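Let me begin by presenting the structure, written as structure tokens, before commenting on it.
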Amino acid sequence: MLKDLRINNSLSGKKELFEPIHAPFVGMYVCGPTVYSDVHLGNVRTFVSFDIIYRYLLHLGYKVRYVRNITDVGHLVNDADAGEDKIAKKAKLENIEPMEVVQRYTQDFHRVMDQFNALPPSIEPSATGHILEQIELIELLIEKGLAYEVNGSVYFDVKAYQKDHNYGKLSGRKIEDLLSNTRALDGQDEKRESVDFALWKSAVGTDHIMRWKSPWSDGFPGWHLECTVMGTKYLGKTFDIHGGGMDLKFPHHECELAQSVGAHGHDPVKYWLHTNMLTVNGQKMSKSLNNSFLPHELFSGDHELLERPYSPMTVRFFMLQSHYASTLDFSNDALLAAQKGYRKLMNGLKTLRNLHVNEGEDATPNEKATAQINQICDNCYRAMNDDFNTALTLGHLFNLLKKINNLHTQNLTISQIGQEAFDRMKHTYKTFVLEILGLKEESNLDIDGLMDIVIKEYAAAKEAKNYDKVDVLRSSLKSQGIVLKDMKSGIDWAYEE
Ligand SMILES: [Zn+2]
């Protein structure tokens, strides 16, 4: 039962039993960020979703190689192979090197991932580090008659590909529609069909700074190519999972799929997974509607739509409350509720640490009570096995928390459920909360605020000449590495030196 994992495959549109190609090894590729600006919350949701998928696969005992790339060239502002490269544009705007842009936003991305407690991938390759391999793949596609060169640029020939294959099979788009949507080319376009896409773009005669030598021209690779090349290089010509945000399904993933099938003659990926969008008060999150959030705005509360700041773990918990393939609506109320829920779960951890068998407890385990605990623990696995349903998993964890709280208030005793079920409950709760859902205890305690309370107590004890209490307070604080100082200006505290 525990390994009966089913996942919704975007390619078939069905929930399928997860059977890795070379168990116990699992290869997973997730399209990473284009590092030209701060990572926004919609992207964070995608990466947090795949972090949970990664964590659960590891928990099930698979040896996972998780590849998540950094796009540092080739992603143009326009999907139709026109416009500037996003990174080059930003570099020009700020009058710095493109690689400075890449460095700055890669570091920002890593910092944000760390704040959200997302595990780093096994390999994080970059597009500019794989130019040679990309050129090789283009040569192979030209050789197979699936790509053509015009003025130093090379395009994938979708019509030629369509003779033996099915362009559109991942996104569900119909090739006839895509071709008929091709309005009269405006003469500027060198492509044979507008559905064709760039594999290599010539930079000759442009002020494009990022360029490499190739058999066709000095230029740069098309965006879709890097993922095909890096996925193949690190995970093989067929691997288990390819993921990304839903907005990447077309054209990015459809193009990746066509490049791989065209080059290698077979499908590259067994399971395609797509995460859904974030909405804000029911509206699509977008920069133009001024309702998109950056992580640091959430953490500081510095945004006109936010009533207060929210911590990274509150936001992570909030994301867990919906299935990765459903939309998730962002609002102050929802975030406040998430903060409550997150703190409840953390209090459960604290309660568990202090639960012990009471002396003199000798009740024999009650079969029904034991069965209930086991049932809830099984349910946690059932929910995760159902396409990583974190929302359901949380529901079961809260049921487990009720039992933990009953033990705490002694409405239930450890003897009644039996030591074995108690150990399982403890292990399941901790493992799911910390290891699988990736939540962690966040201390937002304000040490100055806490010390103010203690110092008031201390001053009152001194005033009342209660020297026993004064001594107890001093020695208790000392054991925490804190000393009190009687100053002319009043009582102060410091870390013990
Ligand atoms: Zn990609």
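The values are calculated or read from the model by the stated rules, or taken from the named source; none is laboratory data. Because the structure is predicted, anything quoted here is derived from the model rather than measured. Note that each Cβ is placed from the backbone with ideal geometry, even for glycine, and that neighbours are counted across all protein chains shown. All accessible areas refer to the heavy atoms of the entire protein, side chains included, with ligands and DNA or RNA removed. Shrake-Rupley method; radii C 1.70, N 1.55, O 1.52, S 1.80 Å.
A compact table of results
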read-out: Residue match in the stretch 316-335 (condition: at pLDDT 95 or above, in contact with a helix residue (DSSP H, G or I) (Cβ under 6 Å, 6 or more places away or on another chain) and among the small types (Gly, Ala, Ser)); value: yes
read-out: Failed condition for residue 448, given (1) over 30 Å from residue 366 (Cβ atoms); (2) surrounded by 14 or more Cβ atoms within 10 Å (Cβ to Cβ); value: (2)
read-out: Subset of the stretch 55-80 (residues that are touching an Asp or Glu at 6+ places or on another chain (Cβ under 8 Å) and modelled with pLDDT under 95); value: 71, 73, 74, 75, 76, 77
read-out: Cβ pairs under 7 Å, 6+ apart, first in the stretch 428-453 and outside the structural domain of residue 391 (by TED's automatic domain parsing) and farther than 17 Å from residue 348 by Cα, second of a type outside the set (Gly, Ala, Ser) and surrounded by 15 or more Cβ atoms within 10 Å (Cβ to Cβ); value: 451/493
read-out: Members of the stretch 133-183 that are open to solvent by less than 40 Å² (accessible area, probe 1.4 Å), among the hydroxyl-bearing types (Ser, Thr, Tyr) and more than 23 Å from residue 271 (Cα to Cα); value: 148, 153, 155, 182
read-out: Count of residues meeting criterion [touching a Phe, Trp or Tyr at 6+ places or on another chain (Cβ under 7 Å) and surrounded by fewer than 24 Cβ atoms within 10 Å (Cβ to Cβ)] in the stretch 225-234; value: 0
read-out: The stretch 289-311 - residue that is within 19 Å of residue 444 (Cβ to Cβ) and among the hydrophobic types (A, V, I, L, M, F, W, C) and, of those, least open to solvent (accessible area, probe 1.4 Å); value: 298
read-out: Residue that is most open to solvent (accessible area, probe 1.4 Å), among those in the stretch 332-353 that are polar (S, T, N, Q) and without any contact (Cβ under 8 Å) to a residue 40 or more places away in the chain; value: 347
read-out: Given (1) buried (at least 17 other Cβ atoms within 10 Å of the Cβ); (2) more than 22 Å from the chain's Cα centre (by Cα); (3) assigned by TED's automatic domain parsing to the domain that holds residue 398, index of the condition residue 258 fails; value: (3)
read-out: Scan of the stretch 21-54 for residues that are at pLDDT 95 or above, surrounded by fewer than 19 Cβ atoms within 10 Å (Cβ to Cβ) and not aliphatic (A, V, I, L, M), ordered by number; value: 22, 24, 25
read-out: Set 398, 422: member being outside the structural domain of residue 61 (by TED's automatic domain parsing), under 22 Å from residue 316 (Cα atoms) and part of a helix (DSSP H, G or I); value: 398
read-out: Scope the stretch 470-491; condition open to solvent by 70 Å² or more (accessible area, probe 1.4 Å) and either assigned by TED's automatic domain parsing to the domain that holds residue 312 or touching a Lys or Arg at 6+ places or on another chain (Cβ under 9 Å) (or both); matching residues; value: 486
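Matching residues to (1) free of Cβ contacts under 8 Å to residues at least 40 places away in the same chain; (2) away from the ligand (no atom under 16 Å from the Cβ):
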position: 209; (1), (2): no, yes
position: 212; (1), (2): no, yes
position: 219; (1), (2): no, yes
position: 223; (1), (2): no, no
position: 227; (1), (2): no, no
position: 251; (1), (2): no, no
position: 255; (1), (2): no, no
position: 264; (1), (2): yes, yes
position: 268; (1), (2): no, no
